[in-house]
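I have placed the structure first, in the form of structure tokens, so that the comments after it can refer back to it.
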Amino acid sequence: MNIEVSETPKAGDRLIKFRKYSAVIILVVLSFALGLNYGRSGQRLISNPLKFTESNRQAAPKDVNWQLLWDALAQIDKKYVGRPVDKQQELYGAVAGAVAGLGDPYSVFFPPKDAQEFQNELSGQFEGIGAEVAIKNQELVVVTPLDDSPALKAGLKAGDFIYKIDGTATAGLSVEEAVAKIRGTAGTKVILTIVRKGQDKPIEVPIVRAQIEVKSVSYEIKEVNGKKIGYLKISRFGDDTEGLFNQAVSDFLVKNVNGIAVDLRNNPGGYLDTAVALAGNWVEEGKTVVIQRYGDGTEDTHKSKGPARLSGIPTVVLINGGSASASEILSGALHDHNLAQLVGEKSFGKGSVQELIDLRDNAELKITVAKWLTPNGHDLNKDGLEPDVKVELTDADFQADKDPQLDKAFEVLTK
């Protein structure tokens with residue numbers, strides 16, 4: 001799932017994201033594309049898994065016949081047309097298959113390279129040109145170049161139609177296919193041929209790819225019907241989220257905003273502790289933010305540590321089918337404590353907890369260990385969250401650059 005020329009976090013299947021994962025990891029890529037992510041709590045665990053060697057074969061658990069695995073490996077060594085087999089990759093495949101056998105799309109094995117990319121995803125670091133693109137009216141267009149990005153420095157502008165990528169026409173390409181052609185290693189060059197309004201001829205724009213850092217939080221203060229409304233977009237709950245969020249809150253308080261619109265649409269989640277910390281800006285200290293229930297019935301209750309700086313300021317939270325995991329924790333906590341109204345569409349319903357476990361050789365295992373309940377006991381994994389005010393965002397709205405969900409949020413806040 002971890003899935004970027006938009007190197008920006010997902011914006012509902014319209015952002016450009018791409019990751020070359022193995023066949024097994026494709027499950028994770030798809031789940032991110034649907035707006036899924038993982039929650040993490042507690043300390044990282046260190047595991048020393050059994051290796052497939054003759055010396056410890058007898059140490060394998062006895063409740064199943066592990067000879068099947070050894071027989072299969074022996075036949076691969078003996079008959080596979082591509083011999084000799086890369087034993088390390090064979091091991092990674094075996095572990096990935098064991099995890100896939102759980103039948104849980106959120107439990108995934110990451111080989112070392114994918115583990116590093118997964119960490120990069122949460123930190124918001126990617127390699128590319130730094131532009132958000134989408135397909136509008138069957139054309140690949142630039143939605144916006146990111147601040148201080150190679151795309152912006154090269155002169156790319158919002159609304160530019162990308163006609164060719166390194167000489168290959170974009171007609172008929174999906175967003176994912178276009179991203180695969182545009183993204184690449186930092187320091188390499190890609191040439192985009194664009195068509196710009198007001199220009200008679202296509203323009204060739206050479207862009208040198210670079211390491212891109214994408215902020216997980218953006219905000220602005222809007223004047224709506226004579227009131228100052230703080231608009232806060234959180235695209236993931238990552239390494240930089242809490243610091244950027246605090247900057248936004250400080251500005252909102254200094255400017256004395258009359259209301260706050262928190263946009264969690266297409267936010268696939270992230271760190272549990274970050275969601276709890278952000279909720280504490282509304283939820284009174286000591287009150288429950290989320291309940292974590294394990295398979296044996298035991299529970300951990302995560303409570304707010306305050307300081308509830310935003311309590312009393314009218315708040316609306318925007319959600320949709322791509323709002324998942326930590327997004328649902330924050331939304332559910334504010335809703336259950338009557339601190340915010342939910343506007344938009346039903347959230348995804350990803351309320352299970354994944355622990356990220358370090359394995360040897362820099363590999364990682366992400367495995368489901370518990371599920372989440374809102375303060376009122378609502379099962380997020382089973383039901384998701386229904387909005388108080390249901391508003392759909394259609395393809396036609398997107399093509400016309402309309403956002404009726406955000407319009408409704410502003411309407412609610414300025415009544």
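Brief remarks follow.
- Filtering region 226-271 to residues that are out of contact with any Lys or Arg (no Cβ under 9 Å at 6 or more places or on another chain), in a loop (DSSP other than H, G, I, E, B) and at pLDDT 90 or above leaves only 226.
- Remark: pairs (first residue in region 249-261, in the same structural domain as residue 316 (by TED's automatic domain parsing) and under 22 Å from residue 407 (Cβ atoms); second residue modelled with pLDDT of 95 or more and in a helix (DSSP H, G or I); Cβ separation under 6 Å; 6+ apart in sequence or on different chains) = 259/413; 261/409.
- Subset of region 63-105 [in a helix (DSSP H, G or I), under 33 Å from the mean Cα position of the chain (by Cα) and among the charged types (D, E, K, R)]: 87, 90
- The set of residues in region 172-205 that are more than 16 Å from residue 129 (Cβ to Cβ) and exposed (fewer than 12 other Cβ atoms within 10 Å of the Cβ) comprises 172, 174, 197, 198, 199, 200, 201.
Conditions (1) polar (S, T, N, Q); (2) more than 22 Å from the chain's Cα centre (by Cα); (3) not assigned by TED's automatic domain parsing to the domain that holds residue 267, marked per residue:
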| position | (1), (2), (3) |
| --- | --- |
| 344 | no, no, no |
| 373 | no, no, no |
| 376 | yes, yes, no |
| 390 | no, yes, no |
| 394 | yes, no, no |
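- Region 377-415, residues that are buried (at least 17 other Cβ atoms within 10 Å of the Cβ), hydrophobic (A, V, I, L, M, F, W, C), outside any helix (DSSP H, G or I) and modelled with pLDDT of 95 or more: 385, 391
- Looking only at region 329-375, residues that are in a strand (DSSP E or B) and not polar (S, T, N, Q) come to 17 in all.
- Top-ranked residue in region 140-161 [being in contact with a Ser or Thr (Cβ under 8 Å, 6 or more places away or on another chain) and assigned to a strand (DSSP E or B); ranked as nearest to residue 200 (Cα to Cα)]: 140
Results for (1) at pLDDT 90 or above; (2) out of contact with any helix residue (DSSP H, G or I) (no Cβ under 9 Å at 6 or more places or on another chain); (3) within 23 Å of residue 69 (Cβ to Cβ), shown as yes or no for each residue.
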| position | (1), (2), (3) |
| --- | --- |
| 94 | no, no, yes |
| 99 | no, yes, yes |
| 147 | no, yes, no |
| 153 | yes, yes, no |
| 164 | yes, yes, no |
| 173 | no, no, no |
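- In the set (1) closer than 30 Å to residue 362 by Cα; (2) of a type in the set (Gly, Ala, Ser); (3) modelled with pLDDT under 85, the condition left unmet by residue 128 is number (3).
The values are calculated or read from the model by the stated rules, or taken from the named source; none is laboratory data. Just so you know, these numbers come straight off a predicted model, no measurement behind them. Don't worry about glycine lacking a Cβ; one is built from the backbone with ideal geometry, like all the others, and counts go over all protein chains shown.
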